[in-house]
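One structure is given here, and the rest of the page talks about it.
The values are calculated or read from the model by the stated rules, or taken from the named source; none is laboratory data. Everything numeric in this text was worked out from a predicted model, so none of it was measured. Here the Cβ is made from the backbone with ideal geometry for all residues, glycine too, and neighbour counts use every protein chain on show. The protein model used for the area step is the full one, side chains on, heavy atoms only, and it has no ligands, DNA or RNA in it. Shrake-Rupley method; radii C 1.70, N 1.55, O 1.52, S 1.80 Å.
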Amino acid sequence: MSGGLWCVLSPVCRRLGLGTQPVLLSSLLTGSTTVKWRKGNAGEGCSLPGSSWGERLADAVTPLWRLPYREQLQVKYENQRKVLQTLASRLQELGVDVQKPGELCCPLRPVVPSPVINGYRNKSTFSVNRGPDGNPKTVGLYVGTGRARNIVCVRADHVKNIPSNHKHVAQCYEEFIRRSPLDSCILFPEGGHWRELVVRTTSHGHTMAIITFHPQQLGQEALATQKALLKEFFASGPGAGCALTSLYFQESTMTRCSHEQSPFQLLYGEPHIFEDLLGLKFRISPDAFFQVNTSGAETLYQAVGELSQADGDTVLLDVCCGTGTIGLSLARHVSKVIGIEIVEKAIEDARWNAAFNGISNCEFHSGKAEAVLPQLLSSWEDTRPLVAVVNPSRAGIHYRVVRAIRNCKAIRRLLYVSCKPEGEAMRNFLELCCPPDPGKKLVGEPFAPVLAIPFDLFPHTVHCELVLLFSR
């Protein structure tokens, strides 16, 4: 187990009286009285002796759920403090002295709490696999790992951050596939068809369900039959109580598949769902990125606007913009917004969102940021102030994106929003702040970290969004 994760979770286990020594994952299923640690797509955590399967899952997905919320925030604060200490130390190794009191690279404010603590997720992904009773048609989340070959799929009943309507759709999907004569698809080469379920909801009461299906060798007629049965089940059968706004079906032979690789097929309902955020209306497609905690995102975006110090003369560069939420929420305060996003459907949503909300000072570019941004900035001649906001996935941004930002003299202020700053984002921070390096074509003036503010968009988990302000 990584030292960083142990630093975060060991206080939790002490608080719960579990001791401070990690043990092997294999003890998870033995019922032993020691702490059980595991990693997998369900997350990381420790389980109390005698925990039920539901509690074990909750410990894996939401390892802080047993703590009072105020203590959860303190755990997260300490984690972000270690991130800034690491960044200061790494920068010192590169010859950059940015250390501030407390061995941090910049001031760290307290964690901003989430307005909603339970059931805040507007998107949940449920897997299909063998449950605790061995049934291969169990819909839930994983305890265990593929490497250890001890994966168990457990219903999400005890998981606090997933809302009840998501759990209801998952239960109905489980009922449907257990009625189906077709097998679940656990390992692609072993056959089977029924795969994961994604549920998206909004404050309007909209619910979108997206079901992934491995076609194997089925012909078009057989596929049409399955789609018709699925539609009937959720439209007028036992699943009608889910009141789905949209039901999508995707045939996929890959672990993850975009709309361009295999189109999302609308079986019934509306093609989009809609959400309100900071007084604007946003259209959401099946695979478009939208922060999973809507009310928390509002708090985050308001702070990004304040930290950007953007005014009516500023051009805002929104990198990894998704459906345009950050740029559009700040558009009324700036001269122009330029958004870049790899998911083509998300850009379509962003353009629709701008038009619907009467915002005309935004332009959105579809494509990889490492291809679009260097070309955009290499010919930049606009004299207006340029502020960049970067909100990438956990993988961070490509080196060519960092280089383009670093080498653009017009960008004096940069806001980096990261849900995993100790990961690949740390590499980005170092590239932004290191001394000029002609060999790596980093010739622009380095940035310096100015302020860090964590936002708890993920209560009960060890994660939060860290907004790190850089300037030069």
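Could you go through the stretch 425-432 and let me know if any residue there is among the polar types (S, T, N, Q), open to solvent by 20 Å² or more (accessible area, probe 1.4 Å) and in contact (Cβ under 8 Å) with a residue 12 or more places away in the chain. Talk me through it step by step, then tell me what you get.
From the stretch 425-432, those among the polar types (S, T, N, Q) are 428; that's our starting set.
From what is left, the residues that are open to solvent by 20 Å² or more (accessible area, probe 1.4 Å) are none.
The answer is no, given that none of the residues of the stretch 425-432 is among the polar types (S, T, N, Q), open to solvent by 20 Å² or more (accessible area, probe 1.4 Å) and in contact (Cβ under 8 Å) with a residue 12 or more places away in the chain.
Checking the structure you have, find out if any residue of the stretch 320-331 is hydrophobic (A, V, I, L, M, F, W, C) and out of contact with any strand residue (DSSP E or B) (no Cβ under 7 Å at 6 or more places or on another chain). Explain how you work it out, then say what you get.
Of all residues in the stretch 320-331, those hydrophobic (A, V, I, L, M, F, W, C) come to 320-321, 326, 328, 330-331.
With the extra rule that they be out of contact with any strand residue (DSSP E or B) (no Cβ under 7 Å at 6 or more places or on another chain), the set shrinks to none.
Within the stretch 320-331, none of the residues are hydrophobic (A, V, I, L, M, F, W, C) and out of contact with any strand residue (DSSP E or B) (no Cβ under 7 Å at 6 or more places or on another chain).
Could you identify the single residue in Ala243, Ala288, Ala297 that is on the phi > 0 side of the Ramachandran plot and not basic (Lys, Arg)?
After applying the criteria, what remains is Ala243.
Quick one: Arg413 ticks every box in (1) touching a Gly at 6+ places or on another chain (Cβ under 9 Å); (2) within 23 Å of Val98 (Cβ to Cβ); (3) open to solvent by 20 Å² or more (accessible area, probe 1.4 Å) bar one, so which box is it?
(1)
Residues Ser295, Ser262: which one is in contact with a strand residue (DSSP E or B) (Cβ under 8 Å, 6 or more places away or on another chain), open to solvent by less than 50 Å² (accessible area, probe 1.4 Å) and over 26 Å from Val401 (Cα atoms)?
Details: Ser295 fails: in contact with a strand residue (DSSP E or B) (Cβ under 8 Å, 6 or more places away or on another chain).
The conditions single out Ser262.
Being within 15 Å of Glu341 (Cβ to Cβ), out of contact with any Asp or Glu (no Cβ under 6 Å at 6 or more places or on another chain), open to solvent by 20 Å² or more (accessible area, probe 1.4 Å) and among the small types (Gly, Ala, Ser) is the filter here; which residues of the stretch 372-395 pass it? First the steps, then the outcome.
At the first step, the residues of the stretch 372-395 found to be within 15 Å of Glu341 (Cβ to Cβ) are 372-373, 376, 388-393, 395.
Right, trim to out of contact with any Asp or Glu (no Cβ under 6 Å at 6 or more places or on another chain) and you get 372-373, 376, 388, 390-393.
Now drop any that are not open to solvent by 20 Å² or more (accessible area, probe 1.4 Å), which leaves 372, 376, 393.
The one that is within 15 Å of Glu341 (Cβ to Cβ), out of contact with any Asp or Glu (no Cβ under 6 Å at 6 or more places or on another chain), open to solvent by 20 Å² or more (accessible area, probe 1.4 Å) and among the small types (Gly, Ala, Ser): Ser393.
Just give me the residues in the stretch 330-371 being open to solvent by 10 Å² or more (accessible area, probe 1.4 Å), among the polar types (S, T, N, Q) and farther than 18 Å from His398 by Cα, in sequence order.
Once the filter is applied, which keeps residues that are open to solvent by 10 Å² or more (accessible area, probe 1.4 Å), among the polar types (S, T, N, Q) and farther than 18 Å from His398 by Cα, the stretch 330-371 yields Ser335, Asn357, Ser360, Asn361.
Tell me which residues, restricted to the stretch 63-78, are open to solvent by 10 Å² or more (accessible area, probe 1.4 Å) and assigned to a helix (DSSP H, G or I).
Correct list: Tyr69, Arg70, Glu71, Leu73, Gln74, Val75, Tyr77, Glu78.
Need the failing condition index for Leu330 against (1) in contact (Cβ under 8 Å) with a residue 60 or more places away in the chain; (2) touching a Ser or Thr at 6+ places or on another chain (Cβ under 8 Å), just the number.
Evaluating Leu330 over (1) in contact (Cβ under 8 Å) with a residue 60 or more places away in the chain; (2) touching a Ser or Thr at 6+ places or on another chain (Cβ under 8 Å) leaves (1) as the failure.
Name the single residue that is surrounded by the fewest Cβ atoms within 10 Å (Cβ to Cβ) among those in the stretch 143-156 being within 20 Å of Cys172 (Cα to Cα) and touching a Ser or Thr at 6+ places or on another chain (Cβ under 8 Å).
Residues of the stretch 143-156 that are within 20 Å of Cys172 (Cα to Cα), as a first pass: 152-156.
From what's left, touching a Ser or Thr at 6+ places or on another chain (Cβ under 8 Å): 153-156.
Values: Cys153: 28, Val154: 28, Arg155: 20, Ala156: 23.
So, considering only residues that are within 20 Å of Cys172 (Cα to Cα) and touching a Ser or Thr at 6+ places or on another chain (Cβ under 8 Å), the one surrounded by the fewest Cβ atoms within 10 Å (Cβ to Cβ) is Arg155.
Right, Glu422: open to solvent by 20 Å² or more (accessible area, probe 1.4 Å), touching a helix residue (DSSP H, G or I) at 6+ places or on another chain (Cβ under 7 Å) and within 17 Å of Lys76 (Cβ to Cβ) or not? Full working, then the answer.
Working: open to solvent by 20 Å² or more (accessible area, probe 1.4 Å): yes; touching a helix residue (DSSP H, G or I) at 6+ places or on another chain (Cβ under 7 Å): yes; within 17 Å of Lys76 (Cβ to Cβ): yes.
So Glu422 passes the test.
Given the conditions (1) acidic (Asp, Glu); (2) open to solvent by 30 Å² or more (accessible area, probe 1.4 Å); (3) touching a residue at least 24 places away in the same chain (Cβ under 8 Å), report the number of the one that Glu306 does not fulfil.
(3)
Please state which of the following conditions Pro107 fails to meet, knowing it meets all the rest: (1) surrounded by fewer than 21 Cβ atoms within 10 Å (Cβ to Cβ); (2) touching a Gly at 6+ places or on another chain (Cβ under 8 Å); (3) within 30 Å of Leu87 (Cα to Cα).
Looking at each condition in turn, Pro107 falls short on (2).
Can you name every residue in the stretch 271-290 that is open to solvent by less than 30 Å² (accessible area, probe 1.4 Å) and either in a loop (DSSP other than H, G, I, E, B) or more than 12 Å from Gly324 (Cβ to Cβ) (or both)?
Ile273, Glu275, Ser285, Pro286, Ala288, Phe290
Name the residues in the stretch 255-303 that are free of Cβ contacts under 8 Å to residues at least 12 places away in the same chain and β-branched (Val, Ile, Thr), would you? It would help to see each step written out before you state the result.
Of the residues in the stretch 255-303, the ones free of Cβ contacts under 8 Å to residues at least 12 places away in the same chain are 255-256, 261, 279.
Result: Thr255, single match.
Under 7 Å between Cβ atoms, which residue pairs at least 6 apart in sequence (or on different chains) link something in the stretch 125-142 that is crowded, with 16+ Cβ neighbours inside 10 Å with a partner that is basic (Lys, Arg) and assigned to a strand (DSSP E or B)?
Val128/Arg195
Would you check if there is a residue in the stretch 240-252 being part of a loop (DSSP other than H, G, I, E, B) and either at pLDDT below 95 or of a type in the set (Ser, Thr, Tyr) (or both)?
Keep residues of the stretch 240-252 that are part of a loop (DSSP other than H, G, I, E, B), which gives 243-245, 252.
Okay, now just the ones that are also either at pLDDT below 95 or of a type in the set (Ser, Thr, Tyr) (or both), so 245, 252.
Yes; the residues of the stretch 240-252 include at least one that is part of a loop (DSSP other than H, G, I, E, B) and either at pLDDT below 95 or of a type in the set (Ser, Thr, Tyr) (or both).
Here are the criteria: (1) charged (D, E, K, R); (2) over 25 Å from Asn293 (Cβ atoms); (3) at pLDDT 95 or above. Tell me which single one Arg403 does not satisfy.
The failed condition is (3).
If I filter the stretch 216-233 for residues that are buried (at least 17 other Cβ atoms within 10 Å of the Cβ) and hydroxyl-bearing (Ser, Thr, Tyr), do I get at least one hit?
no
Look at Leu415 and say whether it is touching a residue at least 60 places away in the same chain (Cβ under 8 Å) and in contact with a Pro (Cβ under 9 Å, 6 or more places away or on another chain). Full working, then the answer.
Numbers: touching a residue at least 60 places away in the same chain (Cβ under 8 Å): yes; in contact with a Pro (Cβ under 9 Å, 6 or more places away or on another chain): no.
Against the criterion (touching a residue at least 60 places away in the same chain (Cβ under 8 Å) and in contact with a Pro (Cβ under 9 Å, 6 or more places away or on another chain)), Leu415 does not qualify.
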